[in-house]
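Below: the structure, in structure tokens.
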Amino acid sequence: QVQLVESGGGLVQAGGSLRLSCAASGSIFSINIMGWYRQAPGKERELVATMSSGGITNYSDSVKGRFTISRDNAKNTVYLQMNSLEPKDTAVYYCNLLIQKSYWGKGTLVTVSS
């Protein structure tokens with residue numbers, strides 16, 4: 001059984017920064033993809049960034065140059081450094097782990113005020 005626990009969300013002013021963390025526990029294979037998705041009020045969940053266990057990254061165009069994903073494979077933890085935050089980044093951010101199936105965390109709220 002896999003569990004994902006996110007932390008690091010909160011309220012920040014536009015232009016500020018936040019760092020999200022997601023720790024995975026349970027039966028985790030060494031080869032996997034971890035990442036972040038977000039869902040704003042009234043919108044569908046969308047990709048933010050993913051990173052494979054081999055280091056390959058994928059970013060949404062809307063966050064390129066502002067957000068950086070990283071991971072510590074020894075700790076089964078993925079991070080999302082978010083800089084130059086904008087009000088449009090306000091959303092619940094969900095951690096995702098893809099092995100043979102997709103696992104989701106409960107989400108952490110990020111609110112960016114103007």
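The values are calculated or read from the model by the stated rules, or taken from the named source; none is laboratory data. The model shown is predicted, which means the values in this text are computed figures rather than measured ones. Cβ: placed from backbone, ideal geometry, glycine included. Neighbour counts: every protein chain shown. Note: accessible area is taken over every heavy atom of the protein model, side chains too, but ligands, DNA and RNA are not part of it. Shrake-Rupley method; radii C 1.70, N 1.55, O 1.52, S 1.80 Å.
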>> Using a 1.4 Å probe on the protein heavy atoms, what percent of the accessible area of the chain belongs to carbon and sulfur?
In response: 49
>> Let me check I've understood the local charge: for residue 20, count other residues with C-beta under 15 angstrom from its C-beta, Lys and Arg +1, Asp and Glu -1. What total comes out?
In response: +3
> Heavy-atom accessible area per residue, the chain, 1.4 Å probe: how many Å²?
Replying inline: 54
> What lysines could a cross-link reach from residue 43, if we take a straight Cα to Cα line under 27 Å and drop same-chain neighbours fewer than 8 places away?
Replying inline: 64, 88, 101, 106
> In debye, nearest 20: dipole of the chain around its Cα centre with unit charges on the Cβ of K, R (+) and D, E (-)?
Replying inline: 100
> Using a basic spin-label model with each label point 7 Å from the Cα along Cα→Cβ, how many nm lie between residue 56 and residue 3?
Replying inline: 3.2
> Once the Cα gyration tensor of the chain is diagonalised, what are the square roots of 5 times its eigenvalues, in whole Å and ordered largest first, as equivalent ellipsoid semi-axes?
Replying inline: 23, 14, 12
> Which residues in region 77-107 have a backbone N closer than 19 Å to a point placed 7 Å from the Cα of residue 43 along the Cα-to-Cβ line?
Replying inline: 80-96, 107
